[in-house]
Every structure is written in C-alpha cells, then in structure tokens.
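Q: Can you read through this structure? Questions will come right after.
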Amino acid sequence: MFSFLKFTFVILLVFTAACDISQANNSGIQQPQTTVPFRVQNFNYEVINTYPHDPAAFTQGLVYHQGFLYESTGLNGRSSLRRVELTTGQVLKNVAVDSIHFAEGLALFNNRLYQLTWQTQTAFVYDLDSFAPLKTFGYSGEGWGLTTNGQSLMMSNGSNQIRFLDPETFQIQRTISVTDNDRPVNMLNELEFIKGEIFANIWLADRIARIDPASGRVTGWINLAGLLSSEERNRADVLNGIAYDETGDRLFITGKLWPKLFQIKLVTRRDPVSR
C-alpha cells in the first residue's frame with residue numbers, strides 16, 4: 001500500500017509540473033532558449049584582372065562610376081580627390097585638399113562626391129564632373145569610410161559603429177553596431193555598398209567584412225591575403241579600397257600606396273568537414 005501511494009504521489013507531482021510549464025507558456029512568459037551561433041560564410045578570391053595604380057596614392061576612399069574610378073587620397077599635404085582611368089591608372093583630374101585636412105572616405109550620391117576628413121570633422125561636397133566645391137558639412141568624431149545605399153550615406157569612424165546620414169543635412173538618421181556572433185568588430189574603415197550589404201575593410205587586416213545593414217551582423221569574411229607579392233608589400237601600406245561596378249558586376253580592390261588595383265571574384269571557402 002505504501003509503495004502504491006508513493007507511486008501515485010510521484011505521478012501527481014509530474015502532472016502538476018507539466019501543467020505549470022504549459023500555463024507559463026500560454027501566459028506569454030518567455031522561457032530560456034539555447035542560442036545557436038550564426039554561421040558566418042568565409043570567402044577567398046580569384047583575380048580576374050590587374051590594373052596599374054599610383055603607388056604614391058594613399059588610398060582612403062574609392063568609387064567606380066561609368067568607366068572611371070574616383071579616389072580620395074590621404075595624408076596631410078598630400079590629400080586629394082581624383083578621377084582615374086581604370087585600365088591605365090592615369091590620373092585624369094586631381095584636386096588638392098588643403099594641407100590642414102587628412103582626407104578619408106568617399107561616396108557618390110546624386111552626381112555629388114562626398115569626401116570625409118580624418119580628424120578635422122569636415123566633409124566636402126563636390127560636383128561630379130567639374131570637382132567644383134559645393135558645400136561642407138561638420139560632424140562629431142573621426143571620419144574613416146563612406147558609402148551610400150542610394151538613400152543615406154553610411155559612415156565609419158574606426159570603431160564598430162556605422163552611422164546612417166541624411167545626404168542633404170549630414171544629420172544622423174540611425175546607427176548600427178557591427179558584431180560577429182555578438183562580438184564587436186572594430187577598426188571598420190573604407191566602405192562599399194554592394195547588393196544590399198556593406199563591405200568594410202578592417203584596418204591593419206587583409207580581410208573585408210560583409211555586413212547586414214539592418215542588424216549590423218557580419219554575414220561573411222573575405223580573406224584577401226596574398227594579393228601583393230612580398231616585395232610589393234614591403235613598399236606598400238595596408239589594404240584599403242573597395243569599388244563596385246554595378247552594371248558589369250565587377251569588384252575592385254586596392255590599398256594605400258599599392259602599385260596595383262585588382263578586379264576579383266569571390267570564391268566560397270569550404271571549411272573542412274570534421275570527422
């Protein structure tokens with residue numbers, strides 16, 4: 001009899017607990033869930049074409065438009081805005097930036113070129129064809145990379161933050177924090193908006209992050225090690241320069257003081273299967 005009563009009591013406890021859990025779920029109380037890491041894709045590259053690039057150009061921003069490259073170069077006293085012929089690397093138009101400024105990222109919006117500066121908190125706006133100065137904007141903090149999605153400008157400052165800016169006022173519309181599986185990704189530098197994603201150089205690294213502009217989550221990493229030979233690398237600075245030809249679906253990559261500009265194709269890297 002004692003064993004029967006004990007067994008009955010245990011059954012009642014289990015039934016009561018199950019009812020409590022069901023009521024909690026039905027009441028809208030959120031139950032603990034196991035977090036599954038987001039699978040980030042990894043990419044290598046294939047070089048499709050190689051073009052000459054001015055080895056004296058400290059590339060900070062790069063844009064492709066209708067057959068030409070537009071380039072912002074940095075360093076105090078050497079900063080400039082350029083129109084460059086893709087196939088030859090010849091500088092067709094060059095406007096010097098005042099030596100007090102260290103020019104940074106570059107974006108094209110509505111036939112206007114927007115150029116950032118590093119620490120002088122000034123953005124310059126130029127006419128696309130003539131390079132005539134149109135206006136300036138002020139902003140807080142440092143300026144690093146700049147791109148556009150056709151509606152807003154997107155600006156990096158060396159942290160893991162990307163600001164979305166109104167092109168007419170330069171006012172901040174919103175800000176995203178870039179993370180890789182909840183870990184902040186800092187040193188975001190030159191930016192390019194490609195097929196709905198933000199591509200970002202990571203300063204001092206031979207890789208590019210692919211970023212979801214809605215969430216800030218890194219969706220992929222592009223490994224670009226080995227583009228330059230060891231001899232070329234000794235005379236060059238870091239990878240920095242992404243441009244995209246939307247019409248021809250071409251991706252261009254270069255760096256600061258690099259002698260070459262590369263058209264590359266992304267190749268999905270297949271990680272080894274664990275046994």
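The values are calculated or read from the model by the stated rules, or taken from the named source; none is laboratory data. Note that the coordinates shown come from a computational prediction; the quantities given were computed from them, not determined experimentally. Here the Cβ positions follow ideal geometry from the backbone for every residue, glycine too, while neighbour counts run over all protein chains shown.
Q: Out of all the residues in segment 181-193, which are buried (at least 17 other Cβ atoms within 10 Å of the Cβ) and in a strand (DSSP E or B)?
A: Listed by number, the residues that qualify are Leu188, Asn189, Glu190, Leu191, Glu192, Phe193.
Q: Listed residues Phe170, Phe262, Phe199; which is in contact (Cβ under 8 Å) with a residue 40 or more places away in the chain, part of a loop (DSSP other than H, G, I, E, B) and not charged (D, E, K, R)?
A: From the options Phe170, Phe262, Phe199, the qualifying one is Phe170.
Q: Another question, if that's okay. Looking only at segment 202-223, which residues are closer than 23 Å to Val47 by Cα and part of a loop (DSSP other than H, G, I, E, B)?
A: Selection gives Trp203, Leu204, Ala205, Asp206.
Q: Which of the residues belonging to segment 132-157 are assigned to a loop (DSSP other than H, G, I, E, B) and surrounded by fewer than 17 Cβ atoms within 10 Å (Cβ to Cβ)?
A: Residues of segment 132-157 that are assigned to a loop (DSSP other than H, G, I, E, B), as a first pass: 132, 139-145, 149-152, 157.
Ala132, Ser140, Gly141, Asn149, Gly150, Gln151, listed by residue number.
Q: Just the residues that are touching a Lys or Arg at 6+ places or on another chain (Cβ under 9 Å) and free of Cβ contacts under 8 Å to residues at least 24 places away in the same chain, please, taken from segment 142-156. Give the derivation first.
A: Going residue by residue through segment 142-156, those that are touching a Lys or Arg at 6+ places or on another chain (Cβ under 9 Å) are 152-156.
Selection gives Ser152 alone.
Q: How many of the residues making up segment 93-110 are closer than 17 Å to Asp166 by Cβ and touching a strand residue (DSSP E or B) at 6+ places or on another chain (Cβ under 7 Å)?
A: 4
Q: Next question. Hey, among the residues in segment 202-228 that are of a type in the set (Gly, Ala, Ser) and either within 29 Å of Gly150 (Cβ to Cβ) or at pLDDT below 95 (or both), which one's surrounded by the most Cβ atoms within 10 Å (Cβ to Cβ)?
A: Ranking the candidates gives Ala209 first.
Q: Can I ask one more? Output the number of the condition that Ala24 fails; it satisfies all remaining conditions of (1) at pLDDT 70 or above; (2) surrounded by 12 or more Cβ atoms within 10 Å (Cβ to Cβ); (3) not in a loop (DSSP other than H, G, I, E, B).
A: Exception for Ala24: condition (1).
Q: Just to verify a result, which residue in segment 61-79, among those that are within 20 Å of Asp237 (Cα to Cα) and part of a loop (DSSP other than H, G, I, E, B), is farthest from the chain's Cα centre (by Cα)?
A: The extreme case among them is Gly77.
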